[in-house]
Amino acid sequence: MTMKQKHLDCVMPAAGLSSRMGDWKLMLPYHQHTILDESIENALHFCSRVIVVAGHRHEELVRHYCRHDNVLVVVNPHYQQGMFSSIQVGIEHVESEHFFICHGDMPCIPASIYQQVWALKGQCTVFPGTLNKPGHPVLLPKNMIDIIKNAPITSKMKPLIMAHTVKYLGLKCDEIYLDIDTPDAYQSLIKTQ
């Protein structure tokens, strides 16, 4: 059984255009709600708050989650610059000593994986997978915030993280890699419901 943390944020980028899907993937139906709802719910089984970074169709996400006390929707005005810009916006709101990053289109990650990654926490970044396939959710210490904030908007997360100490849990499970980016991926997902 997972132990929910009292003060732990999860930054969840959800700003993209869903161009490979051909539809707005985050609001596609899944488990009696949506892909994004499921991703948030999974994170909240372990984390105390999810910081959703919206961009494309952000008004809808702000409206959809406005009554959720443990979901904060922040808007990235530069979302078309890419994922890194959304992470930069999201981390501005982190209040916990460590924080997770997990994407809004990864609805299959159970709380038990958050817990296993959390068990390795320290002053370094922790990935659930391996060096070659790191996976999500990724746990970062608060000291990474200034490093990310001060990097150019065109940066990529991986090189920034890899310039510092990293641990890998070495989990062998598909959930930590499964993002719903294409119609085929979505069809495979809904077959498992």
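Share of the chain's accessible area from carbon and sulfur, percent, 1.4 Å? Don't skip to the end; give the middle numbers.
Details: 5030 of 9550 Å².
Exposed carbon and sulfur together represent 53 percent of the surface.
Among the trypsin sites (Lys or Arg not before Pro) found in region 41-83, those both in a DSSP coil and sparsely packed, with 13 or fewer other Cβ atoms within 10 Å of their Cβ, are R67.
Shown are T165, T125, T130, whose ranking by accessible area with a 1.4 Å probe and every protein chain present, most to least, is T165, T130, T125.
Only Cα pairs under 8 Å and 6+ residues apart enter the sum, and on that basis the relative contact order of region 9-192 stands at 25 percent. A simple rule links phi to the HN-Hα coupling: the Karplus curve 6.51 cos²θ - 1.76 cosθ + 1.60 with θ = phi - 60°, which for region 46-57 gives 10, 8, 8, 8, 10, 9, 8, 9, 9, x, 4, 6 Hz, with x for Gly and Pro.
Tell me, how many Å apart are the Cα centres for region 88-155 and for region 21-82? First find each Cα centre; the distance between them is then 17 Å.
Given R₀ = 22 Å, FRET efficiency for V75-I153 by Cβ-Cβ distance, to 0.05?
Working: r = 15 Å, r/R0 = 0.70.
Given R0 = 22 Å and the Cβ-Cβ separation, E is 0.90.
Debye-formula intensities of the chain, expressed as log10 I(q)/I(0) at q = 0.14 Å⁻¹, are -0.75 (one equal scatterer per alpha-carbon, no solvent).
For region 9-192, what number of Lys pairs, 8 or more residues apart or on separate chains, have alpha-carbon atoms under 13 Å from each other?
Working: K121/K142; K121/K167; K133/K158; K133/K167; K133/K172.
Qualifying lysine pairs in region 9-192: 5.
Ranking P152, V166, C102 by Cα position along the charge dipole of the chain, where only Lys, Arg, Asp and Glu carry charges on their C-beta atoms, puts V166 farthest toward the positive end. When the chain is treated as a Gaussian network with alpha carbon springs shorter than 10 Å, the biggest mean-square fluctuation among M83, M106, M157 belongs to M157.
For region 9-192, the solvent-accessible area of protein heavy atoms averages 47 Å² per residue (probe radius 1.4 Å; ligands and nucleic acids excluded).
Hey, what number do you get for the chain at 222 nm if only DSSP H runs of n ≥ 4 count, each worth -39500 (n - 2.57), divided across all residues, to the nearest 500?
On the way: 7 runs with 56 residues, N = 193.
When only DSSP H runs of four or more count, the value is -8000 deg cm²/dmol.
The values are calculated or read from the model by the stated rules, or taken from the named source; none is laboratory data. Keep in mind that this is a model prediction, so the values were computed, not measured. Reconstructed Cβ throughout: ideal geometry from the backbone, glycine too, with neighbour counts over all protein chains shown. Accessible surface is based on the protein model in full, side chains and every heavy atom, while ligands, DNA and RNA are left aside. Shrake-Rupley method; radii C 1.70, N 1.55, O 1.52, S 1.80 Å.
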